[in-house]
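Since the structure comes first, as structure tokens, the remarks are kept for the end.
The values are calculated or read from the model by the stated rules, or taken from the named source; none is laboratory data. Small disclaimer: the values here were computed from a predicted structure and weren't measured. Here the Cβ is made from the backbone with ideal geometry for all residues, glycine too, and neighbour counts use every protein chain on show.
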Amino acid sequence: MRKQTISTPCELARSLKSAARKSGHRHLLVCAGDADWCKTQVVEMVLALAGESVLLIGEGFSNFVPSGIEVIAAKKCLSRLGKEHRNIIFNAHAGFDVDAFGAISGTLCAGGLMVLLTPALDQWQYFHDPEHRRMLVYPQQIEDVSGRYLQRLSQIIKTSDQLSLLTQSGVLRIQAVKDNLGKKTHGETEEAVTAPCKTRSQMLAVRGIHKVFRGHRRRPLVLTADRGRGKSASLGIAAAQLLLAGVEHITITAPSRSAADIVFQHAGNVLGERHAALSGRLQFIAPDDLVQTLPATQLLLVDEAAAIPTPLLEKMLAHYSRIVYATTIHGYEGTGRGFAIRFRKVLDSKTPQWHGLRMTEPVRWQPEDPLESFVFRALLLNAVPTVIDKPESIHSEQCTFRQISAEELLFNEDLLSQIFGLLVLAHYQTRPFDLRHLLDGGNMEVYGLFDRKERLVSVLLAAREGGIEPFLADDIWLGRRRVRGHLLPQSLSNHLGLPEAIFLEGLRVIRIAVHPDCQRMGLGRTMLDKLQQDASCKPIDYLGTVFGATDDLLKFWDNASYVPVRVGLSRDAASGTHSVMMLKPLSLPAERLVHKAHKKCLFQLQWLLMDELKELDTEVVAAILAMMGPIIRSSEYFALSGDHQRELVSFTEGQRQYENCIDVIKRVAFRILGAGGTDTAQARLLVSRVIQNHSWHQVVEACNFSGEKQARHCLRELISVQNRLHLSGH
């Protein structure tokens, strides 16, 4: 990096473009100054780039840029994935959307120029960034949100040798460049790359997909790649080639339809004139719909598999014999490294002859690209947890639990990277914005668990909620107003009809991440226990959490004595799960509130499980009702009177039909499931027929009965056993 006297922005842009073309890289130029000065630089640079396309991102451009220059809002950047851009100008004066910046940077081609417009670097942390609105929590104002992330980013820009810098104060630093054109990447051979593939990695990936279809069954392929390696394009190319070869039906699934656009785009390019005739054979189905309906297909392609929860991927693996999983290792598309760790165990168990292929060569630029390096560092896309040797020597009782301040994270990049690395591994929806929220979120609390060598082995994120003023109680309770943040108290007030909930103060556990080498060692439970001890010394009334319900997660929170108080009505399209809210009281007012919420939840579920929650997984229903056992047993509604006993005898020992005794059978079903310990087959029968009111035909299919007669007989026997236990006092 060298300092020079200031040249004109036109000359600077042309110089950087020339260097980028020679190296096959993309270059980043940061222009730091006030908004008017930045606009002047843009006008001159656009003139210098005449004849090349320029994409301008952010507000404030439309009045001064030449016609023909495309201008989009930052929130539209995700829609540009799969497209290619020659030059991009990103206006951070309109807000530095970290997700948008990460996404759009991957669309810039080799020889391209990225210009980032920022306030003066020393002042950027004090800038009222419009993006701060996304982190506001009532009653905060935009000026209350910290600028720690921007302070960190400014420091990276000041010291990075991966960019050029031009400031309003007269500083000009130009990045040193290398000529990489014609150099072979590591491991490259002399084998020619044939169109439509652009790299040898992509060519091998396409061959691998063909082999999944034509080779032995039950040998799935897992494609992994950093961003920009042509992974999704490989799926599209291979799918189109197979369609042209006569394959009748290929299914693709991804977290969203837009996430699969690149696959369809490249498939269309290969199909060419036959696109209209054959494209109907390549069908998109959302992950939750796919595992619910399990449609027939000859080949299943799963793109961005890391952004789809493992239980759904397992169901796909169990049903389909020819399947390709593709995922991004670094980036906002999904936590690919966490996927690789978690799903490898499943593959080894279910399909031990699976194959893995890592795509290494960039498609749009040369290796060692400086823009990619800067983006990875700025957004911590390559964050990794610390290395743990001898994890068996770690014992929870010897670990240290402490709260970690945002200030400590700002000045301890290694710890910040370790924390974010654990979060990325642990959850499929972690994205760059979470990094900014970690540093700037006004109600965020971060806790770490460290072993004796001060290595981070687990992290917990929580949000402070509640303590809302009484004058808002009626509006929130009646659904006329919702303030920013405060998920738990507002849901308790509006969804469960408990207006007093907003007055209490709670701590919502957002995420717990345990080092992958230290899982199944009780560290997650230790974190919750330590958090409770810490919160008991503060004005905190309750602890709570909201998560996508699975049997394992419900058991984890149940073992920590949290109780369910609400089940979300809609199924998440990507995860296929319904959310569950669980609470643990710490104060007497919270005990009363949680008891009322728990009871209301039970009585709401009686009806919701026959309607909006009719398709909720039977294992999840059984787990939730088992947690509600004490309140079921203490409820007069579920008590069995003498009349009820006679009804049961007429059903279990006589010939009365189920339909004529349904009221008392439903009470008994709740009691059976509330007692817990019911085996899976019995729970499935009780939940599907009695609790969710599915038809006998659906019950026969779900429970693998030979017919309705066997299903009715099994239900009669199950109720009979339960009634005898009740009469004997058990």
Completion exercise
Picked from the range 291-315 (must be under 28 Å from Gly102 (Cβ atoms) and of a type in the set (A, V, I, L, M, F, W, C)), the residue surrounded by the fewest Cβ atoms within 10 Å (Cβ to Cβ) is Leu312
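Can you pull out the residues in the range 415-466 that are charged (D, E, K, R) and at pLDDT 90 or above?
Taking the range 415-466 and keeping what is charged (D, E, K, R), we get 431, 434, 436, 440, 445, 451-455, 464-465.
Result: Asp434, Arg436, Asp440, Glu445, Asp451, Arg452, Lys453, Glu454, Arg455, Arg464, Glu465.
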Fill in the blank from the handout: In the range 673-704, anything outside any helix (DSSP H, G or I) and modelled with pLDDT under 95 is listed as Gly676, Gly677, Thr678, Asp679, Asn704
Completion exercise
Over the range 197-225, the set of residues in contact with a helix residue (DSSP H, G or I) (Cβ under 8 Å, 6 or more places away or on another chain) and either free of Cβ contacts under 8 Å to residues at least 40 places away in the same chain or surrounded by 20 or more Cβ atoms within 10 Å (Cβ to Cβ) (or both) is Cys197, Gln202, Ala205, Val206, Ile209, His210, Pro220, Leu221, Val222, Leu223, Thr224, Ala225
Handout entry: Residue, nearest to Thr526 (Cα to Cα), within the range 353-374, restricted to residues that are among the hydrophobic types (A, V, I, L, M, F, W, C) and in a helix (DSSP H, G or I)
Key = Phe374
Practice task
Could you check Gln519 against (1) of a type in the set (S, T, N, Q); (2) surrounded by fewer than 21 Cβ atoms within 10 Å (Cβ to Cβ); (3) modelled with pLDDT of 95 or more and say which number it fails?
Solution key: (3)
Exercise for the section: Return yes or no: is Lys76 farther than 30 Å from Asp303 by Cα and assigned by TED's automatic domain parsing to the domain that holds Arg133? Expected result: no
Problem - the range 520-574 - residue that is hydroxyl-bearing (Ser, Thr, Tyr) and in contact with a helix residue (DSSP H, G or I) (Cβ under 7 Å, 6 or more places away or on another chain) and, of those, farthest from Pro630 (Cα to Cα) - result: Thr526
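Restricting to the range 86-97, count the residues that are outside any loop (DSSP other than H, G, I, E, B) and crowded, with 23+ Cβ neighbours inside 10 Å.
Filtering the range 86-97 down to residues outside any loop (DSSP other than H, G, I, E, B) leaves 86-94.
Within this subset, residues satisfying the condition of being crowded, with 23+ Cβ neighbours inside 10 Å are 87-92.
Of the residues in the range 86-97, 6 are outside any loop (DSSP other than H, G, I, E, B) and crowded, with 23+ Cβ neighbours inside 10 Å.
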Completion exercise
Per the filter on the range 169-209, residues at pLDDT 75 or above and closer than 30 Å to Ala32 by Cα are Ser169, Gly170, Val171, Leu172, Arg173, Ile174, Gln175, Ala176
Handout entry: When residues of the range 275-287 are limited to those that are part of a helix (DSSP H, G or I) and out of contact with any Leu (no Cβ under 7 Å at 6 or more places or on another chain), the one surrounded by the most Cβ atoms within 10 Å (Cβ to Cβ)
Key = His275
Handout entry: Top-ranked residue in the range 237-266 [being part of a strand (DSSP E or B) and hydroxyl-bearing (Ser, Thr, Tyr); ranked as farthest from Ala103 (Cα to Cα)]
Key = Thr251
Fill in the blank from the handout: The correct count of residues that are more than 18 Å from Leu593 (Cβ to Cβ) and buried (at least 24 other Cβ atoms within 10 Å of the Cβ) in the range 481-508 is 0
Completion exercise
Those helices (runs of 4 or more DSSP H) completely within the range 375-480 that have 3 or more residues that are surrounded by 22 or more Cβ atoms within 10 Å (Cβ to Cβ) are 413-426, 432-440
